[in-house]
1. I'm trying to understand the selection: among the residues of region 175-210, which are assigned to a helix (DSSP H, G or I) and within 21 Å of residue 70 (Cβ to Cβ)?
2. With the requirement that a residue be part of a helix (DSSP H, G or I) and either touching a strand residue (DSSP E or B) at 6+ places or on another chain (Cβ under 8 Å) or modelled with pLDDT of 95 or more (or both), what does region 135-157 give you?
3. Which of the residues that make up region 215-255 are in contact with a helix residue (DSSP H, G or I) (Cβ under 6 Å, 6 or more places away or on another chain) and either free of Cβ contacts under 8 Å to residues at least 40 places away in the same chain or part of a helix (DSSP H, G or I) (or both)?
4. From the list 68, 50, 31, pick out the single residue that is touching a helix residue (DSSP H, G or I) at 6+ places or on another chain (Cβ under 8 Å) and on the phi > 0 side of the Ramachandran plot.
5. Within region 164-174, is there a residue that is assigned to a strand (DSSP E or B) and either surrounded by 24 or more Cβ atoms within 10 Å (Cβ to Cβ) or touching a strand residue (DSSP E or B) at 6+ places or on another chain (Cβ under 7 Å) (or both)?
6. Which members of region 188-198 meet the condition of being within 25 Å of the chain's Cα centre (by Cα) and without any contact (Cβ under 8 Å) to a residue 24 or more places away in the chain?
């Protein structure tokens, strides 16, 4: 009977176990606990049995799930199934919570994201992170915050006075999926929303109808912070998006190009306001992060 037993060889020192470390508090703002989830190559049995475990470090990808800045409830678990494949390609991934507009007006959300970057840098050794290789990726409101993170580095008002100020929130690459870039021009194109309404997600973000609060709307718009030498940016936007008009990305792309930045825009023909999770679109994201977080 022994000769009927099949055999497979275990490869030593090959990391294959993706561990989800959930609900890590990275900041506490006036009693609001902000959390993130980390996906990392780590076997939880190592800690259980006192083994050394994986000591390799990897580039970090931070994902910001869209929510209309709290117009719907943000779910930091929603995109994790798609992120698992990035971990298997040699990244640590963190899905990060930020406050909705019902809890904080802008720039509270941006301060939350910057605090998360600083926390992850300060705890890099704990989570197998290379703190010099960080990319941020978001969809919709998460894409908007990803762009602002890249464009506003060093602006004290957006940094805030929160945890780990000894670290910077500088990152090396940005992926924006259909994020708003100019709040005041949202209503110039067809959309299922009346973006100028005081009840729109954009108006709730700034605390009043955007056309009646133009200075606040400009402050919350990535288009107001265009300057050269930003980190490389990849934008993807569906030309059938009926929530955030495709023109938001197109106009921003043109302005950033004119300023001399490294930016790429993919128009997703037939794509609407949803994640571009088909293999050929995700391959573009993988290639972008490979170029800017691993090969540089």
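The values are calculated or read from the model by the stated rules, or taken from the named source; none is laboratory data. Note that this is a predicted model, so its numbers are computed, not measured. Note that we place each Cβ from the backbone using ideal geometry, even for glycine, and neighbour counts take in every protein chain shown.
1. Step one: list which residues in region 175-210 are assigned to a helix (DSSP H, G or I), which gives 183-188, 201-206, 210.
Listed by number, the residues that qualify are 183, 184, 186, 187, 201, 202, 203, 204, 205, 206, 210.
2. Kept after step one, since they are part of a helix (DSSP H, G or I), are these residues of region 135-157: 141-151, 156-157.
141, 142, 143, 144, 145, 146, 147, 148, 149, 150, 151, listed by residue number.
3. Applying the first criterion (in contact with a helix residue (DSSP H, G or I) (Cβ under 6 Å, 6 or more places away or on another chain)) to region 215-255 yields 216-218, 220-226, 230-232, 234-235, 237, 239, 252.
216, 217, 218, 222, 223, 224, 225, 239, 252, listed by residue number.
4. Working: 50 fails: touching a helix residue (DSSP H, G or I) at 6+ places or on another chain (Cβ under 8 Å); 31 fails: touching a helix residue (DSSP H, G or I) at 6+ places or on another chain (Cβ under 8 Å).
One residue alone meets the criteria, 68.
5. First, the residues of region 164-174 that are assigned to a strand (DSSP E or B): 173-174.
Among the residues that remain, those that are also either surrounded by 24 or more Cβ atoms within 10 Å (Cβ to Cβ) or touching a strand residue (DSSP E or B) at 6+ places or on another chain (Cβ under 7 Å) (or both) are: 173-174.
Checked region 164-174: at least one residue is assigned to a strand (DSSP E or B) and either surrounded by 24 or more Cβ atoms within 10 Å (Cβ to Cβ) or touching a strand residue (DSSP E or B) at 6+ places or on another chain (Cβ under 7 Å) (or both).
6. Filtering region 188-198 for residues within 25 Å of the chain's Cα centre (by Cα) gives 191-193, 195.
Within region 188-198, 195 is the sole residue that qualifies.
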